[in-house]
Amino acid sequence: MKWIFHPLGDSALLMDAGGEHVDANRAALDLAAALEANPPP
Amino acid sequence: MPAIASLLVCFDPLAVSHTGVEAHLRGLPTARRRGDSRERRVVRVPVRYGGEDGPDLESAAWTLGLTPDDLVATHTAEPYRVMMIGFAPGFPYIGPLPAALHIPRRSTPRSAVPAGSVAIAAGLSGIYPARLPGGWHLIGRTDMRLFDPQARPPVALAAGDLVQFSAL
């Protein structure tokens with residue numbers, strides 16, 4: 001899975017995944033869960 | 001906030017930089033990326049298919065080369081994932097549906113779709129949480145309340161949930 005980072009202004013970051021939407025959606029959900037469990041210090 | 005193929009991350013730029021957030025995301029353990037417990041939540045959605053509740057069931061079925069019963073059987077055959085919440089508060093984009101149910105949006109959208117309408121289009125299924133305009137094919141209707149601003153959380157479904165439709 002390949003993430004592309006898009007800095008948006010100074011308050012948000014959008015990440016688009018390449019490949020099939022099914023896999024990208026699962027990756028986005030998993031990454032959201034991982035981020036929730038491991039917030040930035 | 002996850003969407004169908006992207007993730008929006010909001011943060012305080014005074015506390016952490018873009019590069020810091022990117023480095024943190026890239027360093028998250030792979031194993032944890034498979035640990036989304038919400039993925040395992042299965043929500044049953046009872047649906048009244050066809051008739052006044054699903055005025056497009058027959059036309060959608062014939063367009064797909066199916067009988068209405070076949071369409072319902074396929075729609076209820078297995079649980080599908082809530083890929084994102086969007087369009088309107090509580091509106092779930094559910095899928096991916098099998099190829100047999102892939103149908104484009106209606107050529108002419110409706111200016112008002114009743115709340116609770118269950119629809120299909122573009123390889124996905126959706127449920128209208130309120131009376132809204134819409135261009136998807138309406139195949140049924142549920143009494144499930146998808147958005148309640150007084151509830152916590154106000155939306156009944158979340159990205160990652162599994163939805164099992166069942167015919168009433």
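The values are calculated or read from the model by the stated rules, or taken from the named source; none is laboratory data. In this text, all values refer to a predicted model and were calculated from it rather than measured experimentally. Please note: Cβ atoms are built from the backbone with ideal geometry, for glycine as well, and neighbour counts cover all protein chains shown.
Comparison of A:Asp16, A:Asp10 shows that the only residue that is surrounded by 15 or more Cβ atoms within 10 Å (Cβ to Cβ), facing another protein chain (nearest Cβ under 8 Å), modelled with pLDDT under 70 and out of contact with any helix residue (DSSP H, G or I) (no Cβ under 6 Å at 6 or more places or on another chain) is A:Asp16.
Please verify whether the range B:90-103 includes one or more residues that are over 17 Å from the mean Cα position of the chain (by Cα) and at pLDDT below 95. The answer is no; no qualifying residue exists. Checked against (1) touching a helix residue (DSSP H, G or I) at 6+ places or on another chain (Cβ under 8 Å); (2) at pLDDT 85 or above, B:Ile85 meets all criteria but (1). Within the set B:Glu22, B:Glu58, B:Glu78, the sole residue that is among the charged types (D, E, K, R), more than 21 Å from the chain's Cα centre (by Cα) and away from chain A (no Cβ under 12 Å) turns out to be B:Glu58. Residue count for the range B:100-118, restricted to those that are assigned to a strand (DSSP E or B) and without any contact (Cβ under 8 Å) to a residue 40 or more places away in the chain: 4.
Scanning the range B:24-55 for residues that are at pLDDT 85 or above and either within 22 Å of B:Val155 (Cβ to Cβ) or surrounded by 12 or more Cβ atoms within 10 Å (Cβ to Cβ) (or both) yields a total of 14.
For every residue, the table says whether it meets (1) crowded, with 18+ Cβ neighbours inside 10 Å; (2) more than 14 Å from chain A (Cβ to nearest Cβ); (3) in contact (Cβ under 8 Å) with a residue 24 or more places away in the chain.
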{"site": "B:Gly126", "(1), (2), (3)": "yes, yes, yes"}
{"site": "B:His137", "(1), (2), (3)": "yes, yes, yes"}
{"site": "B:Gln150", "(1), (2), (3)": "no, yes, no"}
{"site": "B:Ala156", "(1), (2), (3)": "yes, yes, yes"}
{"site": "B:Asp161", "(1), (2), (3)": "yes, no, yes"}
{"site": "B:Gln164", "(1), (2), (3)": "no, yes, yes"}
{"site": "B:Ala167", "(1), (2), (3)": "no, yes, yes"}
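Select from the range B:1-22 the residues that are within 20 Å of A:Arg26 (Cα to Cα) and touching a helix residue (DSSP H, G or I) at 6+ places or on another chain (Cβ under 8 Å) and list them in ascending order. Those that are within 20 Å of A:Arg26 (Cα to Cα) and touching a helix residue (DSSP H, G or I) at 6+ places or on another chain (Cβ under 8 Å): B:Met1, B:Pro2, B:Ala3, B:Ile4, B:Ala5, B:Ser6, B:Leu7, B:Val9.
Would you say B:Asp70 is among the acidic types (Asp, Glu), more than 15 Å from B:Ile127 (Cα to Cα) and part of a helix (DSSP H, G or I)? Here the answer is yes, as B:Asp70 does meet what is asked.
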